[in-house]
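Right, one structure below, let's go through it.
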Amino acid sequence: MALFKTTTQLKQNLDEFFDLIEEGALVFKLGVNFYLDRENNKFEGTLDKIMKLEAKADKIRSEVENRLYTKSLLPQFRGDLVDLMDKSDDIIDSIKATLSQFDVEIPFVPAELHSDIRLLTELSVSSVEHLIPAARRYFRDPMGVRDEINKVYFYEKEADKVANDIKRRIFKELDSLKLSEKIHLRYFTLHIENLSDVAEDAANKLSIMSIKRTI
């Protein structure tokens, strides 16, 4: 059963919000690839883009929360919706923070790790890409949410495996790197991997929400 009937504006706001989160994940993937390819102007473009997406997502989230409470909309689902939006907003916050850290700290990533870092980024972004359709589906078909959520969990686990492999390579194989460079690379590996962890947190919330609507 569809959740929305007379709350058309609210539905449009939520759709736009999730569009922004999804676009942010794609921009993140471009940003990491541009950084590795040393396309500095394009990388700076993705950083500027994510700043604007994050600001717009924050504005919509505030508007939705305000509308839910001031107009007493969907009282039985209100708390869950606000929590889901907060956890989804954490995704774009994580993206902005990581790209900003690349910009400020300028980590040295040896060519031997480029393909692994690209793969890790792809997996982390894939976890977000499957969270968004799960969130959209919740509003019209809560029983069908689990299919997409399971994909979020799959990509989070794969990202974890690849991140661990990268860290092993950094400390056991790349002898030419200084210890400080190894620690720096480990730090950025963790931040790229963290995107899938944040998506998993949102998926966990969505899973509970879908169960509550089907019992």
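Nothing in this text is a laboratory measurement; each read-out follows from the coordinates by a stated rule. Please read these numbers as outputs of a predicted model, since none were measured by experiment.
Normalising by the residue count of the chain, find the relative contact order in percent from Cα pairs under 8 Å and 6+ residues apart.
After rounding, I find 26 percent.
Roughly what angle does helix 78-105 make with the longest principal axis of the chain, taking Cα atoms, 0 to 90 degrees, to the nearest 10?
Around 20 degrees separate the two axes.
Amide H of Asp141: which non-local residues (sequence gap of 5 or more, or other chain) have their own amide H closer than 5 Å, using H built in the peptide plane?
For Asp141, no residues qualify.
Just to confirm the number: angle between the C-alpha axis of helix 40-70 and the first principal axis of the chain, 0 to 90 degrees, nearest 10?
That works out to roughly 20 degrees.
Using only helices, what value at 222 nm comes out for the chain when you add -39,500 (n - 2.57) per DSSP H run of length 4 or more and divide by the total residues, to the nearest 500 deg cm²/dmol?
-30000 deg cm²/dmol
Output wanted: per-residue J couplings in Hz (rounded whole) for region 107-114, from phi through Karplus 6.51 cos²θ - 1.76 cosθ + 1.60, θ = phi - 60°, x for Gly and Pro.
For region 107-114, the Karplus curve yields x, 7, 10, x, 4, 4, 9, 4 Hz.
Lysines within cross-link reach of Lys42: Cα-Cα under 22 Å, excluding same-chain residues under 8 positions apart?
Lys29, Lys52, Lys56, Lys96
With Rg and Dmax of the Cα atoms in Å as the read-out, I listed [x] 19.7, 81; [y] 18.7, 63; [z] 16.6, 54; which label goes with the value calculated from this structure?
[y]
What is the gain in length, in nm to one decimal, between Gln12 and Tyr187 on full extension, counting 0.36 nm per residue of separation less the C-alpha to C-alpha distance?
Stretched fully, the Gln12-Tyr187 segment lengthens by 59.2 nm.
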